[in-house]
Amino acid sequence: MNYRLPALEDYEILKEYVIEHYSNHERSISASLGMTNMKYEDWVEKVNRNSEKADDEWGRYYLYLAFDKDKLVGLLNIRYDLSDNLKELYGDIGYGVRPSERRKGYATKMLEYALQVCKEKNMKEAILGCYENNYGSNKTIIKNGGILYRTSYDEKKLSDEWTIKLKNNYYKIKL
């Protein structure tokens, strides 16, 4: 898979991505950080700026387009510079896979990649959340070492909150 920040030239592929979600009766685009609530050009500029410079709302983050070959399969949001309050509220990582590409292992690959980025940012753990009945996301988090630490009631839904400890890889050297 390939990951990169969005560009102005991505308008059509992101439009198709959103339309697919809407056609699937989904009105919320996971990991998009408000893409459908603002002018596209402003969203691209904000996402690219915030990858290097923090803002008051989200700190610093990466919002990557996730591709398999030339097809946009999902969005990956790595919020690596959140306040403790926002970390508890939103988590460090968010991801979404387009409806036609679900159940193909993309979310697992995206989360693996996000955890590696978090390690590179010297984070000790990552916090993730998803609705309790989102069984696919729950399985993805568990596959990547997630431990359920809390269930809360939010927006008339139960939400599971997970933590994943980020370990450095140590190698045994035979002397």
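The values are calculated or read from the model by the stated rules, or taken from the named source; none is laboratory data. Every value quoted in this text rests on a predicted model; they were computed, and no experiment measured them. Every residue, glycine as well, gets a Cβ built from its backbone with ideal geometry; the counts of neighbours run over all protein chains shown.
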- request: Find all pairs meeting these conditions: Cβ atoms under 7 angstrom apart; at least six residues apart or on different chains; first residue within the range 128-150 and in contact (Cβ under 8 Å) with a residue 24 or more places away in the chain and more than 10 Å from THR108 (Cα to Cα); second residue hydroxyl-bearing (Ser, Thr, Tyr) and in a helix (DSSP H, G or I).
  value: CYS130/SER137
Residue within the range 67-74 that is crowded, with 20+ Cβ neighbours inside 10 Å, out of contact with any Asp or Glu (no Cβ under 6 Å at 6 or more places or on another chain) and closer than 17 Å to CYS130 by Cα present: yes
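Yes/no per residue for (1) acidic (Asp, Glu); (2) more than 21 Å from ILE13 (Cβ to Cβ):
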position: ASP55; (1), (2): yes, yes
position: ARG60; (1), (2): no, yes
position: LEU63; (1), (2): no, no
position: ASP81; (1), (2): yes, yes
position: LEU86; (1), (2): no, yes
position: TYR90; (1), (2): no, yes
task: Among residues belonging to the range 54-68 that are of a type outside the set (Asp, Glu), in a strand (DSSP E or B) and more than 13 Å from the chain's Cα centre (by Cα), point out the one that is modelled with the highest pLDDT.
output: PHE67
- request: Considering only residues that are in a strand (DSSP E or B) and of a type in the set (Val, Ile, Thr), look in the range 69-125 and name the one that is farthest from GLY34 (Cα to Cα).
  value: VAL73
- prompt: Can you tell which of LEU14, LEU33 is among the aliphatic types (A, V, I, L, M), assigned to a loop (DSSP other than H, G, I, E, B) and under 22 Å from PHE67 (Cβ atoms)?
  reply: LEU33
- line: Going through the range 27-75 in order, the residues found to be touching a Pro at 6+ places or on another chain (Cβ under 9 Å) and over 25 Å from TYR106 (Cβ atoms) are none
- prompt: Hey, among the residues in the range 91-107 that are charged (D, E, K, R) and either crowded, with 21+ Cβ neighbours inside 10 Å or touching a residue at least 60 places away in the same chain (Cβ under 8 Å) (or both), which one's farthest from SER159 (Cα to Cα)?
  reply: ARG98
statement: Result of the Cβ filter at 7 Å on the range 58-75, keeping first residues that are under 15 Å from PRO99 (Cα atoms) and partners that are among the charged types (D, E, K, R) and crowded, with 24+ Cβ neighbours inside 10 Å, at least 6 apart or interchain, is none
- line: Taking the range 1-27 and keeping only residues that are of a type in the set (A, V, I, L, M), touching a residue at least 60 places away in the same chain (Cβ under 8 Å) and in contact with a Lys or Arg (Cβ under 9 Å, 6 or more places away or on another chain), one is left with MET1
